[in-house]
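First comes the structure, then the notes that go with it.
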Amino acid sequence: MTEQQLPVWADPSVSPAALDAQGVSRRELLRRAGLFGAAFTLGGVAAATPAAAAAGRGFGGEDPRLAYLVGDHHVHSVYSHDAKYTFSQQARAAARYGLDWMVFNEHANFGHASFGAALEHQEILKARAENPRQLIFQGLEWYIPAAEHGTVFAAPGPHEADLLTRFELAYDGKLLGYTEGAAGAADTARNEAHAVQAIRWLAEQRRTGYVDDVLVLANHPLRLGIDSPHEMRSWRDAAPEIMIGMEGAPGAQGAAIPGWRGATSIRGEYENKPSAQSHAGYPADAYRTYGGFDWATATVGGLWDSMLAEGRLFSVTTNSDNHRTVFDTWKNGDWPAGQNFDTTGRLPDPVDTDTPQPGSDFWPGQFSRTHVGVTRYGYRAVMTGLREGRVWLDHGHLLDGLEVRLRREHSGGRGVTLGGRLRVRKGERLTLDITVTTASRPNPQGILPELAHVDVIRGAVRGAVSDRDTWRAPDTRVAHTTDVSGRTGTYTLRVPLTVGDESFYVRLRGSDGNHNAPGYLGTSIDPHGPIPHTPGNGDPWTDTWFYSNPIFIDTVN
């Protein structure tokens, strides 16, 4: 693999005059974290051992200083049967919009398994050589048996492509005939068990060192309603170091731009109705997005919170799911006579028509961004940061930066950060420090985003649930809201928290304030949450939000 280089914004050898506005802002954030220069160096591709990872995330309250790398774990290319862009097109777009890392996760099918994956790997190696300042992962969009899709991706190494191909052939629901509409879809118990077995198999490949690291996330979980709560819990429980979370917000965020796709279009292409395979416990409202976010994430006291209330980390992300970019003028190339995807595993290169083509997506990094906290730059660092939950996400470039620390009152330490745990005693007073860096430049739509409010959401931790299909966390609610309208630059909000009898967690959310109303479970739980847009009238750039992963507070006697 070509020698990795630091991104230009983090490279001291690159003059500040050579940086764009985004790069200048990111370099300043790196300086503020005390990591610019020798303190922020290149890391290897090998993953930390489970023991080493655990040692870094205890109860001590002294998490390290972090830099945040921006990425997207859900990008498609000509090696997906329903996409159209080359690797180079996607990588160039990602660089243009400031991504440090990205995952090409092509759809599983026989053409991909037989031909495309190996060809794709050569393209991945070429893309890494051409873009040494980007971290480019190879992945797979897994058709989860009995459920929806998932991102599976491995760290670079001699077996990364082989691992994905072996996994695809042995465990992909589409190839096995286990997906919705297929003859084998009705055997729910077998199919669900096969999904759990698949995750355990990946964990074994990591444990034995066949690959340095591998991660899985559930994609667009409520789009079809076939990811039941008990399945998601089973995936997590099978190997929590492998199955680390879900998309909090899907791709296809441009699907409902007014006048673009039609009067029934919904952000995220969440335009489906319940089917025979859908989980019967989900309400009809679950099949829509709220402020562009999946109902499971956007509902305070909902499915995501019900999983966090068990006291176990389950991360959220956002990404482009880029297949076809809105207003783009490229179309798929024509097949040579006698060829198709099943025989080649690769689409023909696209052709520019100079006329806008159908599409619902944004380029990687153009609208949706997942920020991962790291101490070094490299593949290993990104995967460790994701596993440890050092993650926040935003739409529309709403923020330049977010740093969150929870510490004991009057403590001089750094405290714990996103994904972490703090062990405390009943009655202790804590301070939640939320350092916001507002947007310093217009986003790709030409809008200078303005953050209107920051919400602290607090939920009680009650342990494992008796009903594994529950999607409610009745003791989770918005505990504190700060109006930050008009504030610019970098500022810190200090929110006091008091420890009661129970363990609990806190997470953050905020928006531009343009579209708010009482949340799905009522005003007393969420007085100004995200709302669904009118079908066909969902301009994503005027309804932007950020979310953070939780911090857990474990109360001891």
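The values are calculated or read from the model by the stated rules, or taken from the named source; none is laboratory data. Quick caveat, the model's predicted, so the values are computed rather than measured. No Cβ is skipped: glycine too gets one built from the backbone with ideal geometry, and neighbour counts run over all protein chains shown. Accessible surface areas use protein heavy atoms only, side chains included; no ligands, DNA or RNA. Shrake-Rupley method; radii C 1.70, N 1.55, O 1.52, S 1.80 Å.
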Please list, in chain and number order, the residues 5+ apart from Ile244 or on another chain whose amide H is under 5 Å from its amide H, with Hs placed from the backbone. Val216
So for the stretch 251-304, using the alpha carbon gyration tensor with a ≥ b ≥ c as root eigenvalues (a/c under 1.5 gives rounded; past that, a/b versus b/c decides prolate or oblate), I'd call it oblate
Sequence gap at least 6, Cα distance under 8 Å: using those rules, report the relative contact order of the stretch 86-202 to the nearest whole percent. 24
Could you sort 5-11, 530-536, 102-108 so that the peptide with the highest average Cβ count within 10 Å comes first and the rest follow in order? 102-108, 5-11, 530-536
What does the net charge come to around Gln5 if you take all other residues with beta carbon closer than 10 Å to its beta carbon, with K and R at +1 and D and E at -1? -1
Just to confirm a number: summing +1 for Lys and Arg and -1 for Asp and Glu over residues other than Lys331 whose beta-carbon lies under 12 angstrom from that of Lys331, what do you get? -3
Can you work out the Karplus-derived ³J(HN,Hα) for every residue in the stretch 525-531? Use 6.51 cos²θ - 1.76 cosθ + 1.60 with θ = phi - 60°, whole Hz, and x for glycine or proline. 9, 8, x, 8, x, x, 10
Beyond 20 Å, how much of the Cα-Cα pair distribution for the stretch 59-179 remains, as a whole percent? 44
Estimated FRET transfer efficiency when R0 is 30 angstrom, pair Ala17-Lys126 (beta carbons, to 0.05): 0.45
Whole-Hz Karplus couplings 3J(HN,Hα) for the stretch 446-452, θ = phi - 60° and coefficients 6.51, -1.76, 1.60, Gly and Pro as x, run x, 9, 8, x, 10, 6, 9
Along each of the three principal axes of the Cα atoms of the stretch 442-557, give the extent in whole Å, ordering the values from largest to smallest. 52, 36, 24
Cβ charges +1 (Lys, Arg) and -1 (Asp, Glu), total dipole of the stretch 258-330, debye: 140
Cβ neighbours within 10 Å, averaged per peptide: list 72-80, 511-519, 124-132, 219-227 in order, most packed at the top. 72-80, 219-227, 511-519, 124-132
Roughly speaking, what is the centre-to-centre gap between the stretch 534-557 and the stretch 218-235 when only Cα atoms are used, to the nearest Å? 18
I need the Kirkwood Rh of the stretch 402-485: take the reciprocal of the average 1/r across all distinct C-alpha pairs and report it in angstrom. 16.1
Relative contact order (percent, whole number), the stretch 145-209, Cα cutoff 8 Å, 6+ residue spacing: 38
Note down the net charge around Ala298, summing +1 for each Lys or Arg and -1 for each Asp or Glu among other residues with Cβ under 13 Å from its Cβ. -3
Over the stretch 342-466, with neighbouring protein chains present, the accessible area per residue in Å² at probe 1.4 Å is 35
Computed over the stretch 348-506, the Cα gyration tensor eigenvalues, each multiplied by 5 and square-rooted, give semi-axes in Å (largest first) of 35, 21, 17
Read phi for every residue in the stretch 247-263 and hand back ³J(HN,Hα) as whole Hz from Karplus 6.51 cos²θ - 1.76 cosθ + 1.60, θ = phi - 60°, with x for Gly and Pro. 5, x, 9, x, x, 6, 6, x, 5, 10, 4, x, x, 9, 9, x, 6
Please figure out what share of the DSSP beta bridges in the chain is antiparallel and state it in percent, rounded to the nearest 5. 75
Under 18 Å from Lys174, Cα to Cα: aspartates and glutamates that are on another chain or at least 8 residues apart: Asp82, Glu106, Glu141, Glu148, Asp187, Glu192, Asp227, Glu231, Asp342
Distance in Å, no decimals, from the C-alpha centre of the stretch 398-427 to the one of the stretch 96-114 is 35
Based on the alpha-carbon gyration tensor of the chain, what equivalent-ellipsoid semi-axes (square roots of 5 times the eigenvalues) come out, in whole Å, largest first? 33, 27, 25
Treating the stretch 221-281 as a set of equal point scatterers at the Cα positions, no solvent, please give the Debye-formula log₁₀ I(q)/I(0) at q = 0.12, 0.30 Å⁻¹. -0.41, -1.16
Just subtract the alpha-carbon distance of Arg190 and Leu42 from 0.36 nm times their residue separation and send over the number in nm, one decimal. 48.9 nm
A 1.4 Å probe over the protein heavy atoms gives the chain a carbon and sulfur accessible-area percentage of 51
